[in-house]
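Input: a single structure, listed below in structure tokens.
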Amino acid sequence: MKLGRNIVGVFFEGLCRGCALLVCVAVLAILGFIFVKGAGSISWDFLSTAPSDGMTHGGIFPAIFGTVAITLLMIVMALPLGVAAAVYLNEYAGRGRGARFIRAAINNLAGVPSIVFGLFGVGFFVLFVGRNLDRVLQTGLLFGQPAMLWAAATLAVLVLPVIIVTTEEALKAVPLSHREAAYGLGATRWQMIRRVVLPQALPGILTGAILSISRGAGETAPILFTGAAYFLPRLPVTKLFGAIPMINPLDQFMELAYHIFIMATQSTNVELTRPIQYGTALVLLALTFTLNLGAILMRIRFRRKLRRA
Amino acid sequence: MNTAPAIAPQPDKIEVQSLDYFYGTEQALFGVSMDIPDKQVTAIIGPSGCGKSTLIKAINRIGEISNDIRIHGDVRLDGASVYGKSVNLVELRRRVGMVFQKPNPFPKSILENVLFGPKLHGVKDRDRLEEIAETSLHKAALWNEVKDKLNKSAMELSGGQQQRLCIARALAVDPEVLLMDEPCSALDPIGTARIEETIEVLKDQYCIVIVTHNMQQAARVSQSTAFFMKGKIIEYDDTEKIFTTPAEKLTEDYITGRFG
């Protein structure tokens, strides 16, 4: 009996270990494959110049620029919205029917295929919001066309569930005793949230931001119709008041994931551009990793601050 | 000092009037009436689940932040109902401070913990804040231990120090009543002794209500004691009388350790 149980235990431990190992192998295989195939095309020129000769040569700088810009724009839009929604759900909404309905909606939103977000982006942001803005503001055709703003907004909707769910988990983790302490000192609900709950939930909220950056930076379908360009001879920048250089959110942009997609499917010479595709994939991975690393470092800093100060 | 009659030379600070208290459909208090005098310590004893915590959480209305509650009857502070429609909960909880069962300092510095309340209520002047911090920590008998590390995390203090920090934090908003919900249950004997000394000093300035399941503690620190069972008040009298010549058989059985 005892021996039999032991064998079962050992077997399942081995099984779990094997599965865990398999995951590591898969990740390493993908990373290794891309690294081996792509490392050869990485050079300073590749990173710092625009594509040339009908996209068969040259670099990917505009795509790097576009990816960073759109990811930042996305997180700037999604984070406040998602955190506010999570705060509402966890702190104000209670457990009523309304809250249940909102939660169900968020879970469904998380399950929607990304191409549907892309179509929604065109239909809602570009054609509905943009065109109506143009009509109301008499701006001709300024807002009502695909642009970084709408692509970032579409991505923001896509990552919203991630941010809401992780933020809500972080808010839930703040102990009741700390809430009671704040109320006991005469805090209003908002003061309690602002001064006790949110500071403690910050590392968790940043986890949500990290996850959504990874998700958003790698997406192709949502930006396909909403602002990504096949090729753009210029960077999407403008000068604010004619002097201060800034990203132009109303311009189109090139993007790494989209760049890989078009190079692999619509290039004038797919075989010739193969090294560029792998190089681009490697850069995309490195870039996502760097953006993540930044957020992770921030999280570590906040955690340490919470523990210490 | 303990021989003074419990019902009482001082005017009553808190009046609990035939209070029924429900968590959802479950009734936790049954017709509790109790006048609590100012400037002394009133202890509430009784077996687990007898409603002692519920009673003090009904006074500053903290019981309702995580539960759906319903009441009949009333609780009055200085003669005014705390359950009235126009009651400002923020002001009520500023006047009625609370120390909880487990020390619950915020994961912030010692100084930020003490000044949390005053800052909530809009005190901005640096000198004034410094003064509040120092007096509050003095009153809680913690100043000498922490004066050189006010900017260190409160989480680095011992359990007993954390609980005294929570007392200081509660005192910093200048309350009139201090509710203590088994403040020593998570502490060792030394920590407990320090808290009791602190209570002894504070009782001349505040109306203190302490819930405890430690009968020796009730006997040591309080002037009046109420004995609760199953949500009802069994006996409420001078502490000395409760512990020497209780009127009720149940009280006697409980304090002599026959149950509970």
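Selection of the stretch B:96-142 for residues being of a type in the set (D, E, K, R) and under 26 Å from B:LYS57 (Cβ atoms) yields B:LYS102, B:LYS108, B:GLU112, B:LYS119, B:LYS139. Among the residues of this structure, A:PHE33 counts as one that is among the aromatic types (Phe, Trp, Tyr), surrounded by 11 or more Cβ atoms within 10 Å (Cβ to Cβ) and in a helix (DSSP H, G or I).
In summary, helices (runs of 4 or more DSSP H) completely within the stretch A:88-143 and bearing 1 or more residues that are among the charged types (D, E, K, R) occur at A:97-111, A:131-137. Of all residues in the stretch B:129-173, those satisfying the criterion of being assigned to a loop (DSSP other than H, G, I, E, B) and either surrounded by fewer than 16 Cβ atoms within 10 Å (Cβ to Cβ) or within 14 Å of chain A (Cβ to nearest Cβ) (or both) are B:LYS147, B:ASP148, B:LYS149, B:LEU150, B:ASN151, B:LYS152, B:LEU157, B:SER158, B:ALA172, B:VAL173. Residues in the stretch A:183-190: is at least one in contact with a strand residue (DSSP E or B) (Cβ under 8 Å, 6 or more places away or on another chain) and modelled with pLDDT of 90 or more? Checking the stretch A:183-190: at least one residue is in contact with a strand residue (DSSP E or B) (Cβ under 8 Å, 6 or more places away or on another chain) and modelled with pLDDT of 90 or more.
Of the candidates B:THR54, B:THR42, the single residue that is assigned to a strand (DSSP E or B) and within 13 Å of the chain's Cα centre (by Cα) is B:THR42. Across the stretch A:164-209, the qualifying residues are those that are surrounded by fewer than 18 Cβ atoms within 10 Å (Cβ to Cβ) and of a type in the set (Ser, Thr, Tyr), and the one among them that is nearest to the other protein chains (Cβ to nearest Cβ) is A:SER177.
Within the bounds of the stretch B:106-113, is there any residue that is at the interface with another protein chain (Cβ under 10 Å from one of its Cβ atoms), under 30 Å from B:THR192 (Cα atoms) and touching a residue at least 60 places away in the same chain (Cβ under 8 Å)? Looking for residues that are at the interface with another protein chain (Cβ under 10 Å from one of its Cβ atoms), under 30 Å from B:THR192 (Cα atoms) and touching a residue at least 60 places away in the same chain (Cβ under 8 Å), one finds none in the stretch B:106-113, hence no. Assessment of the stretch B:220-230 against the conditions (under 22 Å from B:GLY63 (Cα atoms) and part of a loop (DSSP other than H, G, I, E, B)) yields at least one matching residue. Among the residues of the stretch B:247-257, those identified as more than 24 Å from the chain's Cα centre (by Cα) and modelled with pLDDT of 90 or more are B:ALA247, B:GLU248, B:LYS249, B:LEU250, B:GLU252, B:ASP253. Using the structure shown, decide if A:ARG304 is in a helix (DSSP H, G or I), among the charged types (D, E, K, R) and surrounded by 14 or more Cβ atoms within 10 Å (Cβ to Cβ). Against the criterion (in a helix (DSSP H, G or I), among the charged types (D, E, K, R) and surrounded by 14 or more Cβ atoms within 10 Å (Cβ to Cβ)), A:ARG304 does not qualify.
Would you point out the residue of the stretch B:74-86, among those that are under 21 Å from the mean Cα position of the chain (by Cα) and of a type outside the set (Ser, Thr, Tyr), that is nearest to B:LEU55 (Cα to Cα)? In this case the residue turns out to be B:VAL75.
Within the stretch B:114-128, the set of residues being in a helix (DSSP H, G or I) and within 14 Å of another protein chain (Cβ to nearest Cβ) comprises B:VAL114, B:LEU115, B:PHE116, B:GLY117, B:PRO118, B:LYS119, B:LEU120. Regarding B:VAL75, is this residue away from every other protein chain (no Cβ under 14 Å), modelled with pLDDT of 95 or more and over 23 Å from B:ALA219 (Cβ atoms)? The answer is yes for B:VAL75. Within the stretch B:55-99, being in contact (Cβ under 8 Å) with a residue 40 or more places away in the chain, buried (at least 16 other Cβ atoms within 10 Å of the Cβ) and in contact with a Gly (Cβ under 8 Å, 6 or more places away or on another chain) holds for B:LYS57, B:ASN60, B:ILE69, B:GLY73, B:ARG94, B:GLY97, B:MET98. Considering (1) more than 18 Å from B:ILE36 (Cα to Cα); (2) surrounded by fewer than 16 Cβ atoms within 10 Å (Cβ to Cβ); (3) touching a residue at least 12 places away in the same chain (Cβ under 8 Å), the lone condition that B:PRO183 does not fulfil carries the number (2). Taking the criterion of being part of a loop (DSSP other than H, G, I, E, B) and touching a residue at least 24 places away in the same chain (Cβ under 8 Å), the residues of the stretch A:266-301 that qualify are A:GLN266, A:SER267, A:THR268, A:ASN269, A:LEU272, A:THR273.
Taken residue by residue, the stretch B:181-188 has no member that is outside any loop (DSSP other than H, G, I, E, B) and either of a type in the set (A, V, I, L, M) or more than 26 Å from B:PHE116 (Cβ to Cβ) (or both).
The values are calculated or read from the model by the stated rules, or taken from the named source; none is laboratory data. Everything numeric in this text was worked out from a predicted model, so none of it was measured. So basically every Cβ, Gly included, is an ideal-geometry build from the backbone, and we count neighbours across all protein chains shown.
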